[in-house]
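Engineer: Have a look at this one before I ask anything.
The values are calculated or read from the model by the stated rules, or taken from the named source; none is laboratory data. Fair warning: this is a prediction, and the values are worked out from it, not measured in the lab. Methodologically, a virtual Cβ is constructed for each residue, glycine included, from the backbone with ideal geometry; neighbour enumeration extends over all protein chains shown.
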């Protein structure tokens, strides 16, 4: 009976990746390998000011003194950085005034993913900054946004047009010394997104970026910087799907968020990069540093992530709660299947008084995968009367997968309260039978049950994302049966 | 064809232990059958085998549904062909609203029949109509499937789902157990309102009580894996009066 249920789960959970296709667009590569010359090449190509080249070189020199971290619950094959091409940009680089000028093949790729720029633009009122292989192809709605004084552009454009803001904030939340992959990113980052919401402005639309790794054997080093001035609000969505590849691809991004007094930033991610095949061959290495600082009092940063892709995920979107009465939130669904590995969670650093944080983590493991939650809640001596609530649930599909929870809690004052709850459960044969008896296929039943389990997190997502995320959850667990 | 379900000399069990030892039963369209019997004689096993639960092994015998070999169908295809099982212990599915659950079920059944999904508005109207039919007044349908439901609410929810899916053959497995008299009346009314000349009900019950509200055409007594006695509705009263010892002693 037990083995039968497992067999069914195994069958339906071993699906193939449905987004595996390659767009054939002319690409310009940097020479393979990493050296000061590579960095100078990137910086020159991008026509960067001197301070940025220096920042890159300092980061690179620091990176050389570091070694890859080993503390995560992950098995990582050695990465040969000399084999990686650190910069790839589509060759046809010109100003685009309308979507008509975008390469039709590129548009077709987005259409295959069901995220047609055109449709997005017309129907949902979402400004889309589509990043394909490191360089922004098209930024939409920037005119509407600029009326409110909002800056939403590629990182490269920000470097050219707003160097002072970049200089002031870049590296202020994630310094290049932070960790191995952050140092690497700081040295070689190619492009990314930049967002600035001025004082008192409520961003009138969801800002959205679709990332997509496309050129073969190219590391992708994105850098995102979001600044919300006093009383500003923005909801930012990041979504990703990558074409199928055999070689492992390294992705080491940095996201920095700065929230000033009474500002609020909501950052949502749906991540669906190529997870490798059923035997664990290929797939993206996703080593990301995401961190926000609630700098002013009563500010708020909220991270919501749905992680279904990548061969290896190493990611801890965190909040530094510096301002008094500031709030940090982390909502996460992480799905691993086949041979995927995920070590993800958050850090909530309470520094200000009356700071509050909430952590809701839902792990779902299937196949032979391993899924770990790793979270740190630190309440410093001065963060009096602070509160944290953490809930970490694991759902197992089948008997060959693993779920692990590593909570770290440090409380340095007596007036704060920290709560931690954790559960582990399995999809029961009773639940499956009940659904099937109502005419629902096993695949749909698993989709329903998993979405129900993850509901608390999914409801945090902006409407535009929630539907996509629900489909993705079912898709990444279901596959080709039926 | 008037015959809906034909069970011929059915033997079935679990983990090598035989529970059904040669069951014979014929259910025609428009009929209500009651299956009674002491605990542990195979009533729920019979229901599970008809629904296709995989943990039970059919060792011999035949089950024909609309003249087709039912045992060859998967659980979901049996449901899509019109077989409904009202569970004795409905399971909780946290976070899945009854609306979403039913919409998935209705649309998968429609797909099986080659029909397009029901538009959202039509579906919601159907929900309201069926809620009225089975006298569910609360906002049960906004809640997660069976999560935190009382015993009575769970059973009402089963009847509501039955109304939504409009089965040809509904098997109610001890739907009356643990119900107060009001809930019992709602459950029974639901069944009575759904009776049609072309469908059939098999009501499994331990007590005669439910049969005051749902009047069966036939009553069968299942004992030690076999139907040992069949009769009209008066058999239920006789059982109530004499107790199951009467069957055991015969």
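Engineer: Return the only residue of A:325, A:279 being within 28 Å of residue A:451 (Cβ to Cβ) and not in a strand (DSSP E or B).
Structural biologist: Of the residues listed, the single one that is within 28 Å of residue A:451 (Cβ to Cβ) and not in a strand (DSSP E or B) is A:279.
Engineer: In this structure, is residue B:77 surrounded by fewer than 22 Cβ atoms within 10 Å (Cβ to Cβ), out of contact with any strand residue (DSSP E or B) (no Cβ under 8 Å at 6 or more places or on another chain) and at pLDDT 95 or above?
Structural biologist: Yes: the conditions hold for residue B:77.
Engineer: Another question, if that's okay. Mind checking which residues of the range B:103-124 are more than 17 Å from residue A:439 (Cα to Cα) and over 25 Å from the mean Cα position of the chain (by Cα)?
Structural biologist: B:119, B:120, B:121, B:122 - these are the residues of the range B:103-124 that are more than 17 Å from residue A:439 (Cα to Cα) and over 25 Å from the mean Cα position of the chain (by Cα).
Engineer: Give B:184, B:179, B:194 a once-over and let me know the one that is in contact (Cβ under 8 Å) with a residue 12 or more places away in the chain and either over 28 Å from residue B:245 (Cα atoms) or in contact with a strand residue (DSSP E or B) (Cβ under 8 Å, 6 or more places away or on another chain) (or both). Explain how you work it out, then say what you get.
Structural biologist: Working: B:184 fails: either over 28 Å from residue B:245 (Cα atoms) or in contact with a strand residue (DSSP E or B) (Cβ under 8 Å, 6 or more places away or on another chain) (or both); B:179 fails: either over 28 Å from residue B:245 (Cα atoms) or in contact with a strand residue (DSSP E or B) (Cβ under 8 Å, 6 or more places away or on another chain) (or both).
None of the other options fit; the residue is B:194.
Engineer: Quick one: count up the residues across the range A:395-419 that are away from every other protein chain (no Cβ under 14 Å) and not in a loop (DSSP other than H, G, I, E, B).
Structural biologist: Number of matching residues: 14.
Engineer: Got at least one residue in the range A:377-392 being part of a strand (DSSP E or B), more than 22 Å from residue A:174 (Cβ to Cβ) and at pLDDT below 90?
Structural biologist: No, there is no match, as no residue in the range A:377-392 is part of a strand (DSSP E or B), more than 22 Å from residue A:174 (Cβ to Cβ) and at pLDDT below 90.
Engineer: Identify the residue in the range B:51-65 that is in a loop (DSSP other than H, G, I, E, B) and touching a residue at least 24 places away in the same chain (Cβ under 8 Å) and, among all such residues, is nearest to the other protein chains (Cβ to nearest Cβ). Walk me through how you get there before you give the answer.
Structural biologist: Filtering the range B:51-65 for residues in a loop (DSSP other than H, G, I, E, B) gives B:52-56.
Restricting the remaining residues to those that are touching a residue at least 24 places away in the same chain (Cβ under 8 Å) gives B:52, B:55-56.
Working: B:52: 8, B:55: 5, B:56: 10 Å.
So the residue we want is B:55.
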